[in-house]
Amino acid sequence: MYQRLLSLLSAAKPIAANHSVFPPHEGRAWRSRVYTALLSASLLASCSGTKYIPEGSKLYTGSAVKLTSENPIPQEAALTTELESVITPKPNASFLGIRPKIYFWHLGEGKTKGLGKWLANKYGEKPVLLSQVDTQQVKGLMINRLYNNGYFKPTVQSQIETTGQAAHVNYTATVGKPYTIKEIHFPEGDSLLPSAVRATQPATLLKVGDPYNLQTFTNERVRIDAALKNQGYYYFAPDYILFQVDSTLDNQVNVYLKVKEKTPARAAKPYVLNRIRLNTDYSLSDTTLTDRPVRYKGYLYFPSEDVFSAKSITNATFLYPDSVYRRRRQDQTLSRLMSLGVFRYVDIGFRPARAKADSAGYGFLNSYVRMTQEPKKSIRAEVMLVSKENGFVGPGFRVQFRNRSALRGAEQLVVNATGSFENQTRSNSNTIGLTSYELGVDAQLQIPRLITPPLPFLDVSLPNSDFQPAPLLERA
């Protein structure tokens, strides 16, 4: 590269010298412009990337996708973008036809160390060749994406355009009218699972007249699974839903939603919660429960009520013994317990109740709610330097004491003590030397429940609610 540049500059000298029509100062400016132009041209030629392509190979510069149809194509831009996403490999990055990364890669080729090797590792990029492009694979992926969007009879063609040592690939996809949904059929039968699936039909994402779209079918499976999870089907999964599509009609499909025949027996029945264990002192290093539980409203509460009362924890639990399992209540329990601010970790697990036989098609689950506590009491101190605009400077401190279960109900008592001693070191008047001090104490009591009288018709627990009250009492 450097020898070529020097030869070009040498050849330019007599040309500049023979232009006597220019005054001396203009001749020097003209020669400078010539040198700059030749230098730029040389760098452009080196950085375009094609200079370093092996003989007989072509530099792959990218691809383009074109959609054609005799009919209007709904959401054509989005469909084109989806087809472009399957094109591989990606070409080398370029800017105005310049590919400097290929040049830096060439500097380190065949070297094990040195500046050239460092530049190659830091900024270089190996040339992407046309031989690395599998057009048949790309066309197959495009046909698959078109099929997923309701175009069941597409064709995709590819054409390679070459310019010197560079090559570009054009893909042309031809489609007809997209298929639309004509009829939707949910499972038939009176058994528990088909009936439960059929009960979700009013909220279906599949609509008559909508274009066939695979992503909509995938979302429908997830929706049905979520609905069943809130009806007790703990072991159900989206993969147990099967769609059979009849596409023999004229640009229309009939959809038959079914439950797979090989669905496991435990996934085909709803579950009722049996025993619910609440462990407020769970530790990963010690998972055994040796203490006798506190029995409260059907719950088994561990280890004791020294830190938290059983009532305060059960009021934050939305899983109830002898009730149907619901995923929503599980999520609410996790959210509520963590919002108390007294637990570092909360986990909920479920296991089949082996000691209790199934009844009327229902199974039984034992639940384990494991909570790892934050330290009940903590103290934090801060020391600071106070500097005010009126010239007062001095040390200050802040001490905070926190009790995370002051009344054994996850109430957080926070006591703050602050103080400072300041001396005036500068002033616009003759008041230098004044001193001041400040002491203060304030307390806050956070109560994670509604404040209500203990009347039988006022229940402070919040079953089936995402609302999380936390009244704050403050005294300074």
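Restricting the search to the stretch 321-347, which residues are among the basic types (Lys, Arg), surrounded by fewer than 18 Cβ atoms within 10 Å (Cβ to Cβ) and under 22 Å from Leu413 (Cβ atoms)?
Pass one, the stretch 321-347, residues among the basic types (Lys, Arg): 326-329, 336, 344.
With surrounded by fewer than 18 Cβ atoms within 10 Å (Cβ to Cβ) added as a condition, the list becomes 327-328, 344.
Residue satisfying the conditions is Arg344 alone.
Please return the ranges of strands (runs of 3 or more DSSP E) entirely within the stretch 113-199 where 3 or more residues are free of Cβ contacts under 8 Å to residues at least 40 places away in the same chain and more than 34 Å from the chain's Cα centre (by Cα).
155-163
Every residue in the stretch 317-354 that is closer than 23 Å to Tyr282 by Cβ and aliphatic (A, V, I, L, M), please.
Matches in the stretch 317-354: Leu319, Leu334, Leu337, Met338, Leu340, Val342, Val346, Ile348, Ala353.
Here are some residues: Phe350, Phe364, Phe318. Which one is within 29 Å of the chain's Cα centre (by Cα), surrounded by 15 or more Cβ atoms within 10 Å (Cβ to Cβ) and either part of a strand (DSSP E or B) or without any contact (Cβ under 8 Å) to a residue 12 or more places away in the chain (or both)?
Among Phe350, Phe364, Phe318, only Phe350 is within 29 Å of the chain's Cα centre (by Cα), surrounded by 15 or more Cβ atoms within 10 Å (Cβ to Cβ) and either part of a strand (DSSP E or B) or without any contact (Cβ under 8 Å) to a residue 12 or more places away in the chain (or both).
Taking Lys311 and the conditions (1) basic (Lys, Arg); (2) in a helix (DSSP H, G or I); (3) within 25 Å of Asn230 (Cα to Cα), which numbered condition does it fall short on, given that it satisfies the others?
Status for Lys311: all satisfied but (3).
Name the residues in the stretch 170-203 that are under 27 Å from Arg145 (Cα atoms) and β-branched (Val, Ile, Thr), would you?
Across the stretch 170-203, the qualifying residues are Thr172, Thr174, Val175, Thr180, Ile181, Ile184.
Condition test on Leu407, is it at pLDDT 80 or above and in a loop (DSSP other than H, G, I, E, B)?
The answer is yes for Leu407.
Which of (1) hydroxyl-bearing (Ser, Thr, Tyr); (2) touching a residue at least 60 places away in the same chain (Cβ under 8 Å); (3) in a strand (DSSP E or B) does Ser335 not meet, given it meets every other one?
For Ser335, the failing item is (3).
Can you tell me which condition Arg292 does not meet? The list is (1) on the phi < 0 side of the Ramachandran plot; (2) at pLDDT 90 or above; (3) surrounded by fewer than 19 Cβ atoms within 10 Å (Cβ to Cβ), and all the others hold.
The single condition Arg292 does not satisfy is (2).
Which of the residues spanning the stretch 387-412 are more than 36 Å from the chain's Cα centre (by Cα) and under 30 Å from Ala310 (Cα atoms)? So that I can check it myself, show each step before the final result.
Let us first name the residues in the stretch 387-412 that are more than 36 Å from the chain's Cα centre (by Cα), namely 387-401, 406-408.
Hits for the stretch 387-412 are Gln400, Phe401, Ala406, Leu407, Arg408.
For residues that are crowded, with 17+ Cβ neighbours inside 10 Å and either among the charged types (D, E, K, R) or more than 24 Å from the chain's Cα centre (by Cα) (or both), tally how many sit in the stretch 80-93.
Residues in the stretch 80-93 being crowded, with 17+ Cβ neighbours inside 10 Å and either among the charged types (D, E, K, R) or more than 24 Å from the chain's Cα centre (by Cα) (or both): 3 in total.
The values are calculated or read from the model by the stated rules, or taken from the named source; none is laboratory data. If you're wondering where the values come from, they're calculated on a predicted model, not measured in any experiment. Here Cβ is always computed from backbone atoms with ideal geometry, including for glycine, and neighbour counts include all displayed protein chains.
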